[in-house]
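Structure first, then comments.
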Amino acid sequence: MGIYLSAPKTEKASEDGENDRLRYGLSSMQGWRATMEDAHAAYPDLDSSTSFFGVYDGHGGKVVAKFCAKYLHQQMLKHEVYAAGDLGSSVQKAFLRMDEMMCGQRGWRELARLGDKMDKFSGMIEGLIWSPKGGEVNDHIDDWPSEEGPHSDFHGPNSGCTACVAIIRNNQLLVANAGDSRCVISKKGQAYNLSTDHKPNLEIEKERILKAGGFIQYGRVNGSLNLARAIGDVEFKQNKVLPAEKQIITAHPDITTVELCDDDEFFVLACDGIWDCMSSQQLVDFVREELKTESRLSVICERVFDKCLAPSAGGEGCDNMTMILVQFKKPVDLDASPGEQPLSPDQPSESRSTGKSSVET
């Protein structure tokens, strides 16, 4: 679904960066879509021991993805359980906090500031390209106090976004996901999914949707949304007797934590525009082959887009595409064949510049 251009926009916004533990490259491309609704965040040095990467895939508008790219990691940082070392709880609370922050006069004002046009009939807000300063990562927002104004009763945007983030601390990789963006890690060339695509036909998602008063038609929630978890989409979160985790659509993320080892080569965060065209293993194979001759990780991301881009409008390969490739700094034998691993392959387990970024392109 969506409006397509007569010719794809293939310009790519790309970036590379690194620290003493990892290298990363990222890129975004609008493609055949009429607008670019993806956003991302890349902070290799979120704090002295933590790296943060996130992909936010918007639907019905771009502003919720932009909001999350700006605020989600900040909210995780400021939570008291983060300081205590509980990454899982802090990022989980940050996901749910996004919906809370987008309500009321202050939420409306910030969404309007990030955007340039509000559709008064649908409540969906469209935005301009936005690129904050890298220093904003530690610009903690005060307690987001409520404000009085003409939009004090604003319940939040009807547009929304997926959120898939990866957090690295020491030898631990934590992935939090709500929606159908995906994180995949390569272990000696074998792809392992570190997130679940939250589609309405999954039994656990279907059960929640039906219990909350929703329905599934043509594989879409209430006949419209083709994913089961997202930030925003307030129209699906109006059951006053249910907590946020049990609404028709929920922002509550799955959390997967793995201990990194010498077998781990790299991981990929990408929106469904990539996964519609390539399986997890196909992408890992492609990246490993490219790594033999290409040192800039963002260039590999760009080549993935070129491979996925449809020759004409309609169907797979026509969506916005965003991808972050993170490689661990250690010698890797790219000619090694995949070996046996304790995880199940492809199944969930428990602009060029250098530096920090949080952008929508």
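Out of all the residues in the stretch 1-31, which are touching a Lys or Arg at 6+ places or on another chain (Cβ under 8 Å) and hydrophobic (A, V, I, L, M, F, W, C)?
Within the stretch 1-31, 3, 5, 22, 29 qualify.
Working only within the stretch 32-57, note down all residues that are part of a loop (DSSP other than H, G, I, E, B) and surrounded by fewer than 24 Cβ atoms within 10 Å (Cβ to Cβ). Don't jump to the end; show me each part of the working.
If we filter the stretch 32-57 for residues that are part of a loop (DSSP other than H, G, I, E, B), which is where we start, we get 34-37, 48-49.
Passing the criteria: 34, 35, 36, 48, 49.
Can you tell me which residue within the stretch 10-31, out of those that are within 16 Å of the chain's Cα centre (by Cα) and more than 18 Å from residue 294 (Cα to Cα), is surrounded by the fewest Cβ atoms within 10 Å (Cβ to Cβ)?
30
Restricting to the stretch 221-251, what's the tally of residues that are farther than 19 Å from residue 56 by Cα and assigned to a loop (DSSP other than H, G, I, E, B)?
Total satisfying the criteria: 12.
Results for (1) surrounded by fewer than 18 Cβ atoms within 10 Å (Cβ to Cβ); (2) modelled with pLDDT of 95 or more; (3) under 16 Å from residue 25 (Cβ atoms), shown as yes or no for each residue.
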residue	(1), (2), (3)
268	no, yes, yes
277	no, yes, no
280	no, yes, no
284	no, yes, yes
298	no, yes, yes
315	yes, no, no
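Based on what the data block shows, is residue 90 modelled with pLDDT of 70 or more, among the small types (Gly, Ala, Ser) and either part of a helix (DSSP H, G or I) or over 28 Å from residue 48 (Cβ atoms) (or both)?
Here the answer is yes, as residue 90 does meet what is asked.
Is it true that residue 52 is closer than 29 Å to residue 258 by Cα, in contact with a His (Cβ under 9 Å, 6 or more places away or on another chain) and either modelled with pLDDT of 90 or more or not aliphatic (A, V, I, L, M) (or both)?
yes
Please state which one of 168, 185 is surrounded by 20 or more Cβ atoms within 10 Å (Cβ to Cβ), part of a strand (DSSP E or B) and out of contact with any Asp or Glu (no Cβ under 9 Å at 6 or more places or on another chain).
168
Give the stretch 200-243 a look and list any residue that's small (Gly, Ala, Ser), in contact with a strand residue (DSSP E or B) (Cβ under 8 Å, 6 or more places away or on another chain) and crowded, with 16+ Cβ neighbours inside 10 Å, or say none.
Taking the stretch 200-243 and keeping what is small (Gly, Ala, Ser), we get 212-214, 219, 223-224, 228, 230, 232.
Next cut, in contact with a strand residue (DSSP E or B) (Cβ under 8 Å, 6 or more places away or on another chain) only: 214, 223, 228, 230, 232.
The answer is 214, 228, 230, 232.
When only residues in the stretch 1-39 that are touching an Asp or Glu at 6+ places or on another chain (Cβ under 7 Å) and among the basic types (Lys, Arg) count, which is farthest from residue 319 (Cα to Cα)?
12
Looking at the structure I just gave you, is residue 213 at pLDDT 95 or above, over 21 Å from the mean Cα position of the chain (by Cα) and small (Gly, Ala, Ser)?
yes
Mind checking which pairs have a first residue in the stretch 65-79 that is buried (at least 24 other Cβ atoms within 10 Å of the Cβ) and modelled with pLDDT of 95 or more and a second that is assigned to a helix (DSSP H, G or I) and among the acidic types (Asp, Glu), Cβ under 9 Å, 6 or more apart or different chains?
Pairs found: 67/110.
The values are calculated or read from the model by the stated rules, or taken from the named source; none is laboratory data. Computed from a predicted model, the values in this text were never measured in an experiment. For neighbour counting, all protein chains shown are included, and Cβ atoms are generated from backbone atoms with ideal geometry for every residue, glycine included.
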